[in-house]
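Only one structure is covered here, and it is reproduced in the block below.
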Amino acid sequence: LVEHLEASASVPVFAVLKRPDEKWVTEKAYENPKFVEDIVRDLAGRLDKDDRVTWYSINSENFESIHSHNAYAQLTRDKRGQG
């Protein structure tokens, strides 16, 4: 599941970064920008193709620094009983 999630993001996720690495991550994010709905849609597509997953709920929130509101997207899908 972690691999599906990380592959759906605009850049890899790191717990801690040094300053030069922050620059690299920021540049890569600008090369592959994604809105929260893009992340949810991409992750859902990966989970739909994974037969091990029978149900999922995805929530993605971007804490906005420019706007006075956050961006949020959510999708829940039950794959059981679908042929």
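Here residue 6 meets the list (1) among the acidic types (Asp, Glu); (2) under 23 Å from residue 72 (Cβ atoms); (3) modelled with pLDDT of 95 or more almost entirely, failing just condition (3). Examine segment 60-76 for a residue that is over 14 Å from residue 4 (Cβ atoms), under 13 Å from the mean Cα position of the chain (by Cα) and of a type in the set (Ser, Thr, Tyr), and state whether such a residue exists. Within segment 60-76, one or more residues are over 14 Å from residue 4 (Cβ atoms), under 13 Å from the mean Cα position of the chain (by Cα) and of a type in the set (Ser, Thr, Tyr).
For residues that are loosely packed, with under 12 Cβ neighbours inside 10 Å and over 15 Å from the mean Cα position of the chain (by Cα), scanning just segment 31-56, find the one that is farthest from residue 7 (Cα to Cα). Ranking the qualifying residues of segment 31-56, first place goes to 55.
Yes/no matrix, rows are residues, columns are (1) of a type outside the set (A, V, I, L, M); (2) on the phi < 0 side of the Ramachandran plot; (3) out of contact with any Leu (no Cβ under 6 Å at 6 or more places or on another chain); (4) not in a loop (DSSP other than H, G, I, E, B):
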residue: 3; (1), (2), (3), (4): yes, yes, yes, yes
residue: 11; (1), (2), (3), (4): no, yes, yes, no
residue: 14; (1), (2), (3), (4): yes, yes, yes, no
residue: 23; (1), (2), (3), (4): yes, yes, yes, yes
residue: 34; (1), (2), (3), (4): yes, yes, yes, no
residue: 38; (1), (2), (3), (4): yes, yes, yes, yes
residue: 68; (1), (2), (3), (4): yes, yes, yes, no
residue: 76; (1), (2), (3), (4): yes, yes, yes, yes
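Looking at (1) touching a residue at least 12 places away in the same chain (Cβ under 8 Å); (2) among the β-branched types (Val, Ile, Thr); (3) touching a helix residue (DSSP H, G or I) at 6+ places or on another chain (Cβ under 9 Å), find the lone condition where residue 13 falls short. Exception for residue 13: condition (1). Test residue 46 against the stated conditions and say whether it is out of contact with any Lys or Arg (no Cβ under 8 Å at 6 or more places or on another chain) and more than 29 Å from residue 82 (Cα to Cα). Criteria not met by residue 46. Between a first residue in segment 36-65 that is closer than 11 Å to residue 79 by Cβ and a second residue that is among the aromatic types (Phe, Trp, Tyr) and not in a loop (DSSP other than H, G, I, E, B), which pairs have beta carbons less than 6 Å apart while being 6 or more apart in sequence or on different chains? Final answer for the pair search is 47/56. Taking segment 40-57 as the range and being outside any loop (DSSP other than H, G, I, E, B) and charged (D, E, K, R) as the test, the residues that pass are 41, 42, 46, 48, 49.
Whenever a residue of segment 67-81 is farther than 11 Å from residue 56 by Cα, its partners that are surrounded by fewer than 10 Cβ atoms within 10 Å (Cβ to Cβ) and not basic (Lys, Arg), lying with C-beta atoms within less than 7 angstrom and at least six residues away or across chains, give the pairs 70/63.
The values are calculated or read from the model by the stated rules, or taken from the named source; none is laboratory data. Since this is a predicted model, take the numbers as computed values, not measurements. Every residue, glycine among them, receives a Cβ derived from its backbone with ideal geometry; neighbour counts consider all protein chains shown.
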